1. Return yes or no: is residue 342 part of a loop (DSSP other than H, G, I, E, B) and either more than 19 Å from residue 241 (Cα to Cα) or of a type in the set (Gly, Ala, Ser) (or both)?
2. Considering only the range 150-187, how many residues are among the polar types (S, T, N, Q), crowded, with 19+ Cβ neighbours inside 10 Å and closer than 24 Å to residue 346 by Cβ?
3. Restricting the first residue to the range 149-160 and requiring it to be free of Cβ contacts under 8 Å to residues at least 12 places away in the same chain, which pairs with a second residue that is of a type in the set (Val, Ile, Thr) meet a Cβ separation below 8 Å and a spacing of at least six or different chains?
4. Residue by residue through the range 114-131, note down the ones that are free of Cβ contacts under 8 Å to residues at least 40 places away in the same chain and either of a type in the set (Phe, Trp, Tyr) or not in a strand (DSSP E or B) (or both).
5. Got at least one residue in the range 261-280 being touching a residue at least 60 places away in the same chain (Cβ under 8 Å), touching a helix residue (DSSP H, G or I) at 6+ places or on another chain (Cβ under 6 Å), surrounded by 15 or more Cβ atoms within 10 Å (Cβ to Cβ) and part of a loop (DSSP other than H, G, I, E, B)?
6. Given the structure, is residue 177 among the hydrophobic types (A, V, I, L, M, F, W, C), out of contact with any strand residue (DSSP E or B) (no Cβ under 9 Å at 6 or more places or on another chain) and over 22 Å from residue 34 (Cα atoms)?
7. Looking at the range 303-313 only, could you name the residues that are buried (at least 21 other Cβ atoms within 10 Å of the Cβ) and not aromatic (Phe, Trp, Tyr)?
8. Just to check your reading of the model, which residue among 137, 133, 72, 115 is under 18 Å from the mean Cα position of the chain (by Cα), modelled with pLDDT of 95 or more and surrounded by fewer than 17 Cβ atoms within 10 Å (Cβ to Cβ)?
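The values are calculated or read from the model by the stated rules, or taken from the named source; none is laboratory data. Nothing here was measured: the structure is a model prediction, and the numbers come from that model. All Cβ positions, glycine included, derive from the backbone under ideal geometry; neighbour counts span all protein chains shown.
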Amino acid sequence: MIEVSSVAAALLLIGAATIHAATKVSQADFGKMPDGTPIPIFTLTNEHGLEARICTYGGAIVSLKTPDKNGKMADIVQGFDSLEGYLNPKQPYFGALIGRYGNRIGHARFTLDGKVYHLPANDGPNTLHGGNKGFDKVVWTARQLLDGGLELTYVSKDGEEGFPGTLKAVVVYHLTANNELKVDYTATTDKDTVVNLTNHSYWNLKGAGNGTILDHLLTLHASRFTPVDSGLIPTGELRPVTGTPFDFTKPTAVGARIEQNDEQLKLGHGYDHNFVIDRSGAGLALCARVEEPTTGRVMEVETTEPAVQFYTGNFLDGSFPGKGGHPYPFRAALCLETQHYPDSPNHPSFPSTELKPGQTYKTTTVYRFSVKK
């Protein structure tokens, strides 16, 4: 297998470094783990001044600064000013990489190759975001790439959080000249397993800690979603969004229908649902567009994944003092987690999340930022 570093070097030598923009990357200390392990933070800045800061604890996007329609920069992801906030076991996955299985697995178990695997039940009777110590709570190994990217690697041992197989996960962040944050995920295993990686950034295009996201205009290129039961586990149905509060096929304010008398909204305490992306083939497909009217900020999300989880910060309650001491209250942010469907290992009709030895799990998500004046 050719190492990523060798590929990057070869591309540079043949003059192909323009694949990604020349990005300035700097490194600083972000704190230390309780056992003394240092946690660096990396700052990626593109030629237009966009800035992404990513730390090795949980691979978290700590901040992402973009301009508004007047050129004023603001940090649009929720998080903390120091490592201490991220170490709080009750903080809700701010900015983190999620694995080995993003979203929920029902009844904390699944069957693979005829064997039942039992996982930690950390969300009622279910498993959420990989268990008690998912990929959001581990230290990733960082390496700066010659093309301006940041590579993070984590090796999850066989049996970790109940999952089979030693899984090597590699996530690469690039900040491009097109004002895109590009996230490439790959993984390999030595034993049949399941994998579903994603990023759990909480977005507020007004700026982190600056009100709610109820007036953000959202478009989801999804004509179906997966209804859930009382434990937020998909029932197996793929329900059309037409005529429901889940129809975001045209730009609609997030808060326009969030309080409607709808069973699914009550179960999720708002939106906390998996939307099936309308796509015409493989490759990157536009799944979401978010516009904030007062600042003019726009975020578009493209992905190779089959679905996206739309979540409206329903469990935020102001108990986490965030950046600058600002609390993050109810519905102060939204998440767009590109993914495979929740509980896929227990639904044979859903797209498979199985990964076998010799195969490579590979997926890409792109967040593109612009302004509407």
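1. Numbers: part of a loop (DSSP other than H, G, I, E, B): yes; either more than 19 Å from residue 241 (Cα to Cα) or of a type in the set (Gly, Ala, Ser) (or both): no.
So residue 342 fails the test.
2. 1
3. 157/166
4. 114, 121, 122, 130, 131
5. No, every residue in the range 261-280 fails to be touching a residue at least 60 places away in the same chain (Cβ under 8 Å), touching a helix residue (DSSP H, G or I) at 6+ places or on another chain (Cβ under 6 Å), surrounded by 15 or more Cβ atoms within 10 Å (Cβ to Cβ) and part of a loop (DSSP other than H, G, I, E, B).
6. Numbers: among the hydrophobic types (A, V, I, L, M, F, W, C): yes; out of contact with any strand residue (DSSP E or B) (no Cβ under 9 Å at 6 or more places or on another chain): yes; over 22 Å from residue 34 (Cα atoms): yes.
Yes; evaluated as a whole, the condition is true for this residue.
7. Listed by number, the residues that qualify are 303, 305, 307, 308, 309, 312, 313.
8. On the way: 137 fails: surrounded by fewer than 17 Cβ atoms within 10 Å (Cβ to Cβ); 72 fails: under 18 Å from the mean Cα position of the chain (by Cα); 115 fails: under 18 Å from the mean Cα position of the chain (by Cα).
Exactly one residue qualifies, and that residue is 133.
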